[in-house]
Structures are given as structure tokens and as C-alpha cells.
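All remarks here apply to the structure that follows.
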Amino acid sequence: MTVAALDVDTVRVGDALPPAVHFPTPGQLVRYSGAARDWSDIHFDPDHARKRGFPGVIVQGLLKAAFLGELVTDWAGSRSWVRRFATRYRGIDLPGDPLVCRGTVTSVERVLEECWIEIELWTENRNGGVTTTGEALVVVPGAGLS
Amino acid sequence: MTSTGSVAARGLPGLRTRVTTADLTRWAAVAGHDTAFHVDDEAAREMGFERSVVHGSWKAAVLLRMLGDWAGEDGVVERLSCQYRRPDLTEQELSFGGEVVSTRREADAQLAEVRVWVTGAEDEVSLQGDALVRFAASPGDETSGLPVAEVRRAVRLGEVAGRFTYRVEANDVDRFVEAVTGVRALPGQATLRVPPTFFAALDPVERRDLDLDDLLQHLPHPMVGGGNAFNEVDYERPIRVGDVITVATTYTDVFEKDGRAGRLLFRIRENELRDETGALVATSRCGHVLAFDLTSVDDERVGR
């Protein structure tokens, strides 16, 4: 997605990133498994997933991470890059259910010629339960002096 | 070496070997078991065998060694009994195998009943037997039924467990982006940017290029959940299309703890991603957890 460059001068701690809602389908899980070469059967074989104690196939933690990564890069624009990215999986999500991706800015720092922005990230399920938490550190080059 | 708590119903590492008349002559000398048809092809032929007949006691000795290697420093082979069902001849390949059929705990030990066998020509079983192996219990084993020590060894904890080189291709990146965002790179269009979680597509364990802990798939207890617990990545620079990345995977921790779902086994691994010049591109860490219900035994898994 093409995004306008982020104007770091307007970024403040506490800013919310525009949320994104995903409805991952079983087909998307399979596409992701193929693209990421994640061959764990719990993401495409319902019988196997049930045998492993899940209600059915579950959304890959790393797909949720990828959604959160997209949230960050869409917001931060094409000049920026993600220096650090971390996610923890606290609950499972099932395909067909909405998955809301959110983020807020927790720190903005000028480092030499760069602007370093820390973002807290999480996903919510349909009940508002947090199923993934994470952080990203985004670097916007050439934004140190203003 | 096998530590207590790790003795589950499963196969032992087997052995394959071919024995010569010279081997049997040496065995006859030490075992004092020198009947002619064991050491002399001519004498064997006179008795109707094609070649010398392998000593039953030699096969039992190999099984004892296999059991001893498996038992390791913490275990003692207390009993081995063998039934000889058919003769094996020299120069043919023999396979020695075993599997744990049951385990039980005593005050300061865990006992494993092991079924053993030898197969010779046409995969026919020529010897079958059973053994009892006693493992010393160590503190903390009472609460554990997971083979933590064995997993640590299997994944070569603390050492580089594997190195794999991957080329970052535009098509692979495009497919990854499409899978996540639904945005499709059109033919002729510039390649999409490599997303921050693309490190996952270069993970030898996710890709199953490195699969060291398969033994966890064969434990007697049902799995009641699990998956990735966390992912982290630190980039020195973004991954770019055209990069040729060598990934070195090291397991940094294997541990267990109690969780809501059951007994949890965590394996933490770290990947170092380096480019063709050897420069560090990124370091990623992944924690994977499997949950087991230790209070029940999954019949389907036993003896697999």
C-alpha cells in the first residue's frame, strides 16, 4: 500500500494508529502457510487441530504479527523502516472471527539524523479480549532535525 | 543418555550391522562358545546352513550394548532375556531394535520394560526378548513426565543446531505480502516492500529444514494446545530482495512449567541472519510451547 510520508513533527506519545480489522479466512491461513512455509497442520487441518486440543484450525500467531506489522508500516510510510518488532501470543483466534489490530505511540526520540518511534501493539477478538501484544520500533531517517 | 522422566513409550535408537566369520571367531574365543558351525563355514554347510551361524549370545550382547547406550549414565540394564527363533548367518545384515512398552515408578527409580528384537534375512524376526532398565530418579522428576533433558540434547542446546542459506526472491516477498494484505503485485510492477515479519519465512524450523525435536510428536500424553509463544526480531538493516541470507539457528533454552492447559514445554531458539559478506542483518528469537495432559495417556500415541 502506498502511504504518504509520516510527518514526525506531528507524532506525539499517546497517538493511536488508525486501527485495522481483518477477517482471516481458512483460505488466507493456507495462503500464509504457503508464503511463510509454515507447515504446521493446526492451521489447515481441522481434524488435526481438534486432536491437538483446539476448536478448529487457528490463525497463525505470525499472521497476526504480520497484520500488526502492516498496521505499523502503513502508518509510518515508505521512508521508515522497522528496526525492532516483537509479538507475544496470549490467546487463539479462529478464522471467520474479526481481528482488530491497534497501536499507540509510546515514545518519540530523536537519534542523530533519525526519529525513533516506539509503538505498543495488540490485537483484539470480537469480545474485546486481547489475543496478541507486541511492540515495534520504527526508524524514520532524515527526521532528526526540525 | 536418557534421564528419568524422559522414559516414554517409544522406540530406541536401533543398530544395523553385518557380522563376519572372523568376528564370530573372536567372540567364540572370549565367550568360550566355539562350536564348529559358528566359526567354520564348512562345518556349517555340513549341518545344512549356507554359511556360519551367528551365535545367539553374540546377538544378545549387541542388544545389551544397544540398551546400555540408551540407558546412559543414569540407567542400568537389570535384566535381558532372549528367545532365539531362527538362525542368522554371517555376511547378512542384522537389525537390532527395541521399544519401551511400559514404565513404572519406584521410590527412587523409574523402571522401563523394553521389548527388543533382531531381524535378519527378509526382515524375519530371529530373536525376540525383553529387558528391564532401571533409571535413577533425580529431584523434581516426580512432577515431570516430559523428556526435557532429551529434548535439550536433541536440539543441541546452546550450540548452532543448523545453518541454512536462503535467497530472498521478489516473487516470494510478493506472495508473502499478498497472503497478509491481499494486495497483489501486478506483473511488471515494482516488488512490494519486504514486511517486518518476513524473517519468519526465513526460519529453518518453520520451514522444517531443521526438525530436531520430532520425539515430542511421539510422547504418550495427549497434546492439549501450543504453538508459538512469542516472536522477536532486531534488524541491523531491512531485508531486501536479492539478499542471500544464511541463517544460523541456536536453541537457547528448553524448560517446562505448569500452565492452565497442562504441563508446558518451552523451546526458545535464536536465529542469526547474515548476508553474503557475513554482516549481521537481523537476530530473531522465537519461543514455542507445547502443552501436554500428563494425567492421561493417548493410546494412539503409545508404541508409535
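So what is the 222 nm mean residue ellipticity for chain B from helices alone, if each DSSP H run of at least 4 adds -39500 (n - 2.57) and you divide by all residues, rounding to the nearest 500 deg cm²/dmol? List each step's numbers first, then the result.
Working: 6 runs with 56 residues, N = 304.
Rounded to the nearest 500, the figure is -5500 deg cm²/dmol.
How would you rank A:12-19, A:119-126, highest first, on the average number of other Cβ atoms within 10 Å across their residues? Kindly include the intermediate steps, with their values, before the conclusion.
Numbers: A:12-19: 11.5, A:119-126: 19.8.
Ranking, from highest mean packing down: A:119-126, A:12-19.
What the Cβ-Cβ distance of residue B:115 and residue A:118 gives, at R0 = 51 Å and to the nearest 0.05, is a FRET efficiency of 0.30.
Here the simple spin-label model places points 7 Å from the Cα toward Cβ, and for residue B:76 and residue B:296 these points are separated by 3.8 nm. A dipole drawn for the protein assembly as shown from +1 and -1 charges on Cβ atoms has a positive end, and of B:284, A:94, B:225 the residue lying farthest that way is A:94. The residue among B:33, B:179, A:142 whose Cα reaches farthest toward the positive pole of the charge dipole of the protein assembly as shown, with charges on the beta-carbon of Lys, Arg, Asp and Glu, is A:142.
Available extension along the chain between residue B:104 and residue B:43 is 17.3 nm, counting 0.36 nm per residue and deducting the alpha carbon span.
Contour minus end-to-end for residue B:50 and residue B:26, with contour as 0.36 nm per residue of separation and end-to-end as the Cα-Cα distance?
Numbers: separation 24, 0.36 × 24 = 8.64 nm, distance 2.05 nm.
Result for the pair: 6.6 nm of gain on full extension.
Percent relative contact order of the range A:1-129, based on C-alpha pairs within less than 8 angstrom and at least six residues apart?
On the way: 194 pairs, mean separation 43.9, N = 129.
Relative contact order here is 34 percent.
Could you tell me how far the Cα centroid of the range B:187-237 sits from the Cα centroid of the range A:5-53, in Å? With the range A:5-53 and the range B:187-237 each reduced to a Cα centre, they are spaced 13 Å. Neighbours of residue A:126 by Cβ distance under 10 Å: Lys/Arg scored +1, Asp/Glu scored -1, total -3.
What FRET efficiency comes out for residue B:69 versus residue A:47 if R0 is 41 angstrom and r is the Cβ-Cβ distance? Round to the nearest 0.05. It would help to have the intermediate numbers written out before the result.
Numbers: r = 38 Å, r/R0 = 0.92.
After rounding to 0.05, the efficiency reads 0.60.
Note on residue B:258 and residue B:132: with the Förster distance fixed at 41 Å, the Cβ-Cβ geometry gives a FRET efficiency of about 0.85.
Given 0.36 nm per residue, what is the gain on full extension from residue B:215 to residue B:171 after removing their alpha carbon distance, in nm? Intermediate values should be presented prior to the final figure.
Numbers: separation 44, 0.36 × 44 = 15.84 nm, distance 3.48 nm.
Stretched fully, the residue B:215-residue B:171 segment lengthens by 12.4 nm.
Please give the average number of partner chain Cβ atoms lying within 10 Å of the Cβ of each residue in A:54-64, rounded to a whole number. Display every interim value, and only then the final one.
On the way: counts 5, 0, 0, 0, 2, 0, 4, 8, 11, 4, 3.
That average works out to 3.
Since every read-out is calculated from the coordinates, none of them should be taken as a lab result. Just so you know, these numbers come straight off a predicted model, no measurement behind them. No Cβ is skipped: glycine too gets one built from the backbone with ideal geometry, and neighbour counts run over all protein chains shown.
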